[in-house]
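Down below is the structure, laid out as structure tokens.
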Amino acid sequence: MTSRCCFITAIFALLPAVAGAAGPTGWGLTGNDPGAYVMSRDPAVTHAGKPSGCLASVRETAGFGTMAQCVDPAAYAGKRVRFSGYVKAREVRGWAGLWMRVDGPHQSRAFDNMRDRAVRGTKDWIRCDVVLDVAPEATNICFGILLAGEGRVWLSGVKFEVVNQSVPTTGKGAYELRKPTNLGFER
């Protein structure tokens, strides 16, 4: 990062401690290196006049952080759901994207983190969608925005809604045990 960006990121990292501010209500900070990130509500960076949530790195990291929430799947069991929103990115050195995971009793049932269509670099507002089927036995639905590596992303205009079967899913289905495959690495 440029020294100006590092300075701005360092100042941003101090804001929650100085102001006593927490992240946006209902959202939590998680990931495999959450200490490398901060999240906040940003009323200054808006999409369609609405405030955004911001997830930003505060130091170099090879890990990732997410601004996320989990919901009870009962109202969505057996249905297809879409988590969508507008994402803005600044100097994303790794990658970023929306993500959603549907958990079952013993394993994840469906997952998409937009890795195959990631947001990188600096981008103005772009619409992103993640669509998954919610298994009848689902125990949790978690979703949010992910930032791998350094940078800053904003999320606004978020929707979580049931969609019909004509809307294609974007992620991988159930992680079911299958017969051993490609043990010789032929392909």
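Packing order of peptides 129-140, 56-67, highest average first: 56-67, 129-140 (average count of other Cβ atoms within 10 Å over each peptide's residues).
The alpha carbons of the stretch 48-99 occupy a box of 40, 31, 14 Å along the principal axes, longest dimension given first. Measuring between their Cα centroids, the stretch 69-113 and the stretch 121-170 lie 5 Å from each other. For a modelled paramagnetic label at residue 33, 7 Å from Cα along Cα-to-Cβ, the residues of the stretch 51-75 in reach, with backbone nitrogen under 14 Å, are 56-66. Amide H contacts of residue 163 (H built 1.01 Å from N, in plane; Pro and chain starts excluded): 80, 81, 82 sit under 5 Å, all sequence-distant by 5 or more or on other chains.
Straight-line reach from residue 79: taking Cα to Cα under 18 Å and skipping same-chain neighbours fewer than 8 places apart, the lysines in range are 159, 172.
Rounded to 0.05, the FRET efficiency of the residue 77 and residue 120 pair, given R0 = 30 Å and the Cβ-Cβ distance, is 0.30. Label reach from residue 69 (point 7 Å along Cα→C-beta): in the stretch 129-168, amide nitrogens under 14 Å belong to 141-145, 155-161. Each residue of the stretch 76-82 is assigned a 3J(HN,Hα), and the resulting list reads 10, 4, x, 10, 9, 10, 10 Hz, derived from the Karplus form 6.51 cos²θ - 1.76 cosθ + 1.60 (θ = phi - 60°), x at Gly and Pro. Here the Kirkwood formula puts the hydrodynamic radius of the stretch 38-187 at 16.3 Å, using every distinct Cα pair.
Every number in this text was worked out from the coordinates using simple rules, so none of it is lab data. None of the values given here were measured: they were computed from a predicted structure. Using ideal geometry, Cβ is built from the backbone for each residue, glycine included, and neighbour counts are taken over all protein chains shown.
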